[in-house]
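Just so you know, all these numbers are worked out from the coordinates, no wet-lab data involved. Quick caveat: nothing in here was measured; it's all calculated off a predicted structure. Please note: Cβ atoms are built from the backbone with ideal geometry, for glycine as well, and neighbour counts cover all protein chains shown.
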Amino acid sequence: MKKNRGFEIAKGFENKNINLPVRKTKYSAGYDVEAAEDCIIPAFKPGQAPTFVKTGIKAYMQDDEYLLICNRSSNPKKKGLVLANGVGIIDKDYYGNPENDGHIMFAYFNIKDVDIEIKKGEAIGQAIFQKYLVSDNDNAEGERLGGFGSTSR
């Protein structure tokens with residue numbers, strides 16, 4: 001069977017009972033992604049770095065696709081969680097990279113004045129596979145050699 005797009009367990013998480021993302025209804029665009037372990041997202045303080053919530057998963061896809069990482073619609077109101085980068089983009093070549101195997105993490109800020117606890121297996125966000133286009137004069141030939149944030153290195 002040819003692999004088109006999907007999710008796998010990232011290296012280091014093979015024996016940690018990670019659930020692969022699933023769509024909950026037949027018309028859902030997003031796959032619900034869970035936390036791979038318990039973590040605390042501290043109340044926001046100016047200058048604070050975001051908290052990276054591990055998922056234990058990686059995603060593979062076609063050459064003209066990416067994975068859009070989005071917040072859950074209920075997170076800002078109920079938990080005060082906002083994605084530090086608004087949305088995340090997981091490129092095809094992030095999969096299996098030598099730095100972190102393509103492990104997907106959600107970068108959150110907690111805008112509440114109390115720490116928020118995330119439990120292993122709790123839904124933390126959504127992942128949506130998307131197609132993209134390139135311009136006529138596109139000539140990108142670089143290769144990814146690292147993990148998170150490595151395309152600007």
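A compact table of results
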| read-out | value |
| --- | --- |
| Within region 16-99, trypsin sites (Lys or Arg not before Pro) in DSSP loop having at most 15 other beta-carbon neighbours inside 10 Å | Lys16, Arg23, Lys24, Lys26 |
| Full-stretch length increase - Glu122, Asn15 - with 0.36 nm per residue and alpha-carbon distance subtracted | 36.7 nm |
| Stretch gain in nm, segment Ser28-Leu133, where the contour uses 0.36 nm per residue and the Cα spacing is subtracted | 35.5 nm |
| Extension gain, Lys45 back to Leu68 (0.36 nm per residue minus Cα-Cα distance, nm) | 5.5 nm |
| Residue among Gly121, Gly96, Gly86 with the largest mean-square fluctuation in a Gaussian network model of the chain, springs linking Cα atoms under 10 Å | Gly86 |
| Relative contact order (%) - the chain, alpha-carbon pairs under 8 angstrom, separation at least six | 32 |
